[in-house]
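The values are calculated or read from the model by the stated rules, or taken from the named source; none is laboratory data. Computed from a prediction, not measured in an experiment: that's the story for all the values here. Positions of Cβ are backbone-derived with ideal geometry, glycine not excepted, and every protein chain shown enters the neighbour counts. Side chains are part of the model used for accessible areas, which takes the heavy atoms of the whole protein and leaves out ligands, DNA and RNA. Shrake-Rupley method; radii C 1.70, N 1.55, O 1.52, S 1.80 Å.
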Amino acid sequence: MSEPVSTPPQRSDASEAAYRRYLSAVMLHGQASARACGLGSTDLYALNILRLSGPLSPGGLGARAGLTTGPTTRLIDRLERAGYVRRVPDGRDRRKVIVEPIATPVDLDHVTAPARQMIGQILDGCTPEQLDVLFDYFDRAARLYQEAAEQLMAAHAGADDD
């Protein structure tokens with residue numbers, strides 16, 4: 001009796017596994033970085049959102065972080081108590097407030113430096129053309145992920161209320 005012949009994994013299977021490993025490692029590093037700075041991962045994620053986008057309304061921050069109203073208020077309260085954000089009156093409507101980033105965790109650069117340095121070594125081995133492709137991918141993929149996340153959140157809005 002002959003042994004069954006196993007077929008090598010298809011490129012799409014290998015690509016999917018590599019992609020999932022990559023995302024899992026990035027998420028794990030984000031959680032570990034937050035913990036090393038004395039923050040929850042959602043808190044560090046919200047600070048990153050504010051650093052990238054600038055001041056946002058509480059609703060805007062909550063929407064981008066994927067949080068409902070209650071958890072968003074508690075998040076902002078924690079970040080405000082820690083001295084990372086402040087609530088300021090909205091210049092267009094004084095009845096509303098804007099959440100403004102005012103500080104980042106002191107240890108954040110130190111905590112993330114080893115990973116940045118190792119990634120830098122990988123990038124140093126790339127040609128300018130490879131870097132162009134890579135950063136083009138990151139830019140376009142970030143927009144598509146944002147869009148897909150917004151669609152998922154819209155499709156499942158109210159599911160937590162049931």
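Dipole size of the range 3-138 about its Cα centre, with +1 on Lys/Arg Cβ and -1 on Asp/Glu Cβ: approximately 880 debye, rounded to the nearest 20. In terms of its alpha-carbon gyration tensor, the chain comes out prolate; a/c meets the 1.5 threshold, and the first ratio a/b outweighs b/c. On the chain, 56 percent of the accessible area sits on carbon and sulfur atoms, based on a 1.4 Å probe. Taking a ≥ b ≥ c as the square roots of the eigenvalues of the alpha carbon gyration tensor, the range 41-132 is prolate, as a/c is not under 1.5 and a/b beats b/c.
Rounded if a/c is under 1.5, else prolate if a/b is larger than b/c, else oblate: which is the range 96-162, with a ≥ b ≥ c the root eigenvalues of its Cα gyration tensor? Oblate, because a/c is 1.5 or more while a/b does not exceed b/c.
The residues of the range 45-162 expose on average 72 square angstrom of accessible surface per residue, using a 1.4 Å probe on protein heavy atoms.
Model label points for Leu134 and Met153, set 7 angstrom from Cα along the Cα-to-Cβ axis, are 3.0 nm apart.
Just want to confirm a number: the relative contact order over the chain, from Cα pairs under 8 angstrom separated by 6+ residues, in percent.
On the way: 98 pairs, mean separation 27.0, N = 162.
It rounds to 17 percent for the chain.
Packing here is the average count of other Cβ atoms within 10 Å per residue, and on that basis the peptides 145-157, 80-92, highest first, run 80-92, 145-157.
Taking 12 Å as the cut-off, no amide N atom of the range 128-147 comes nearer than this to a point 7 Å along the Cα-to-beta-carbon line of Met27. The gain in end-to-end length when the Ala14 to Ile122 segment is fully stretched comes to 36.8 nm, 0.36 nm per residue minus the alpha carbon separation.
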